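Here is the structure we will look at, set down as structure tokens.
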Amino acid sequence: MPSPNQEDRPPGVPIDTLILHYTDMESGAAAIERLRDPAAKVSAHYVVEEDGGVFRLVPEARRAAHAGISHWRGNTGLNARSIGIEVVNPGHSCGYRPFPALQMAALADLCLEILSRHPIPARNVVAHSDVAPDRKRDPGELFDWRGLASIGVGLWPEGVEGGDLSAVPGGLVRAAELLRRIGYPVDPARPDVALVAFQRHWRQEEWGGRADAGTLARLEAVAALAEADGVVAEPAEKG
């Protein structure tokens, strides 16, 4: 299902980021139609339907228009260096709901295939809300990041309890420091905006933007994982 909304990637820029979105529309068909509309000027490399169907709209070697104004780990304009996957879900605008198991299984297979082709570190498998926390909230707090991480897609701090709602003096200042270490763009005047994005991804029990003890525990753990992750080895040649 090719989209006309694509172009050459800039020379010399690696493909080192995988960004997951939700479609935030009433149906997958409507989302694909928009992603293929020249007037919309938006696209993604893939769309994963709720029944597990996978559609390719833009070849991985080409630049798709999916992330918009975006920042992660010091890089900006992430369309140039990323692959974008739209996961069909009505989103917070149209009746947000859990992602079906069949859909998540198809997404997991697709992500593993992509990671086999490109040296994308686990710390760069991120949500649209991670790279644009001031304007995006997808794929949201119902998305199974933990399940993906269990098969090697992204990071998850196993064994770190996040349910402690106790207040921590100076917690928001410490949270801002940890968010920057993980890779978030943090607005000094509103660090809670990036904190909500973090919580939707890694602390889904409570994502109200409070820097409580549970959030700080998860922040510390994810920051340590991200710093230890580094750049992965080049994929082995097939055959």
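Semi-axes of the equivalent ellipsoid of the range 97-239 are 27, 17, 14 Å, computed as sqrt(5λ) over the eigenvalues of the C-alpha gyration tensor in descending order. Counting only DSSP beta bridges with both residues in the range 1-143, what percent are antiparallel, rounded to the nearest 5? Of all bridge pairs located within the range 1-143, approximately 40 percent are antiparallel. Sorting the segments 113-126, 210-223, 88-101 by their mean number of nearby beta carbons within 10 angstrom, highest to lowest, gives 210-223, 113-126, 88-101.
When the helices of the chain are scored as -39500 (n - 2.57) per DSSP H run of n ≥ 4 and the total is divided over every residue, the value at 222 nm lands at -10000 deg cm²/dmol.
Highest GNM mean-square fluctuation among ALA29, ALA189, ALA226, for the chain modelled with Cα contacts below 10 Å: ALA189.
Volume per residue of the convex hull around the Cα atoms, evaluated for the range 1-61, comes out as 90 Å³. When the chain is treated as a GNM with alpha-carbon contacts under 10 Å, the residue of LEU57, LEU112, LEU20 showing the greatest mean-square fluctuation is LEU112. Among beta bridges from DSSP that stay inside the chain, the antiparallel ones total about 40%. Peptides 173-181, 158-166 ranked from most to least packed, by the mean per-residue count of other Cβ atoms within 10 Å: 173-181, 158-166. Placing one equal scatterer on every Cα of the range 1-113 and applying the Debye formula, the log10 ratio I(q)/I(0) at q = 0.12, 0.15 Å⁻¹ is -0.39, -0.62. Applying the criteria of a DSSP loop state and at most 12 other Cβ atoms within 10 Å to the trypsin sites (Lys or Arg not before Pro) of the range 5-106 yields LYS41.
Mean separation of Cα pairs under 8 Å and 6 or more residues apart, divided by the residue count, gives the chain a relative contact order of 20 percent. To the nearest 10 degrees, how steep is helix 213-229 against the longest Cα principal axis of the chain, on a 0 to 90 scale? Tilt of helix 213-229: around 50 degrees.
Readers should treat all values here as calculations from the given coordinates under stated rules, not as data from a laboratory. Everything numeric in this text was worked out from a predicted model, so none of it was measured. Note: ideal-geometry Cβ built from the backbone for every residue, glycine included; neighbour counts use all protein chains shown.
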